[in-house]
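Worksheet: one structure, shown below.
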Amino acid sequence: MRKLKAKALVFFFLIIAGFADGQTSENPFDLAFRLSAPAETVVVPNGTNGNPFDLSAPTQPGRKITSKSGVVKKIAKPRRLPNPTRYPGFLLGAMLVSLLLLTFFITFFRNLYGRAYQAMLNDNLLNQAYRDRQSGAGQAYMILYSLFFINGGLFVFLLLRHKKVVLPGETHLINLLYCVGAVLLVVLFKHLLLRIIGAIFPIGKEISAYSFTIMIFGIMISLFLGPANFLIAYAPESFTALLINGTLGILVLFYLLRSLRGAFIANNYLLYYKFHFLLYLCTVEIAPALALVKIISNQLTGMPNF
């Protein structure tokens, strides 16, 4: 009986050994086999490399929360450019407003325009207009002077558009208001600087007369810029650059003539205080003009101002 059990046990082990020799694949429980196999690439959903079980709080539009520090960062919205299809209608409206204001002022203030023209060419008439302004005509001159800022800003707007300079406004009206505001700030800064100099030094009367001279020339420049802007806006493209350069040349002539009138006002100081007058020219007249030209040139060429 024992021999029979021994034979059965030997036969059972032979059967197991046969199955073991017949296995062609590796042992799935072999650790060496699993370690030698190449690691599979795990793809994280949504293209993130962090923990897929991390929960992120919903963000408001225009804000972003960083995953590490949780700091809220504001996402810059893309700037919307003005609609080019609305430019012809806007330009027509701007030109109509400018020409209507010019026509209204010429109709109701014709005498003041005549006095301003004579004062621009004659020193004695300039002094007489200055005395009339002190006697109560100053508000009428200020009304005429306001047209200079509108026409000057419109000219700057057309100039920048011709040079293909992109303004920061989202509409054409906002860009025009930027240009009008820039002209207004430059001129008001000049008048404020003159007033400060007149308050510091004992030349208040001469400074006031020169400030009035600037106003007279601004009135006459606005009278010139009205039709000039209309020609620049609606002239053929081949003539636009010529008209702009011609307008700039005439504006330079106005500036030189105004500087000559200023020299006549300060003739006494020019003879006896040459150094102080030269210092005034460098700090008040030449340096701001060169700085303004440099800023405009850098904006047109894309160079940084500082």
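No value in this document is a laboratory result; all are computed from the given coordinates. Note that the coordinates shown come from a computational prediction; the quantities given were computed from them, not determined experimentally. Quick reminder, even Gly has a Cβ in these numbers, built from the backbone with ideal geometry, and neighbours come from all protein chains shown.
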message: If Rh is defined by the Kirkwood formula over all Cα pairs and Rg also comes from Cα, what ratio Rg/Rh do you get for segment 92-208?
response: 1.04
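For the pair Arg80 and Leu231, what calculated FRET efficiency results from E = 1/(1 + (r/R0)^6), where r is the Cβ-Cβ distance and R0 = 51 Å, to the nearest 0.05?
Efficiency computed from Cβ-Cβ geometry: 0.95.
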query: Which of the residue pairs Lys163/Lys294; Lys164/Lys294; Lys205/Lys274; Lys163/Lys190 have a Cα-Cα distance greater than 25 Å in the structure shown?
result: Lys163/Lys190
- request: Can you tell me the alpha carbon radius of gyration of segment 86-301 divided by the globular rule-of-thumb value 2.2 N^0.38 Å?
  value: 1.07
query: Using 0.36 nm per residue, how much length does the chain from Tyr178 to Asn267 gain when fully extended, once their Cα-Cα distance is taken away?
result: 28.2 nm
- prompt: Spin-label point model (7 Å from Cα, Cβ direction): what's the Phe275 to Thr103 distance in nm?
  reply: 5.8 nm
- request: Can you tell me the order of 238-244, 149-155 when each peptide is scored by its average per-residue count of other Cβ atoms within 10 angstrom, highest first?
  value: 149-155, 238-244
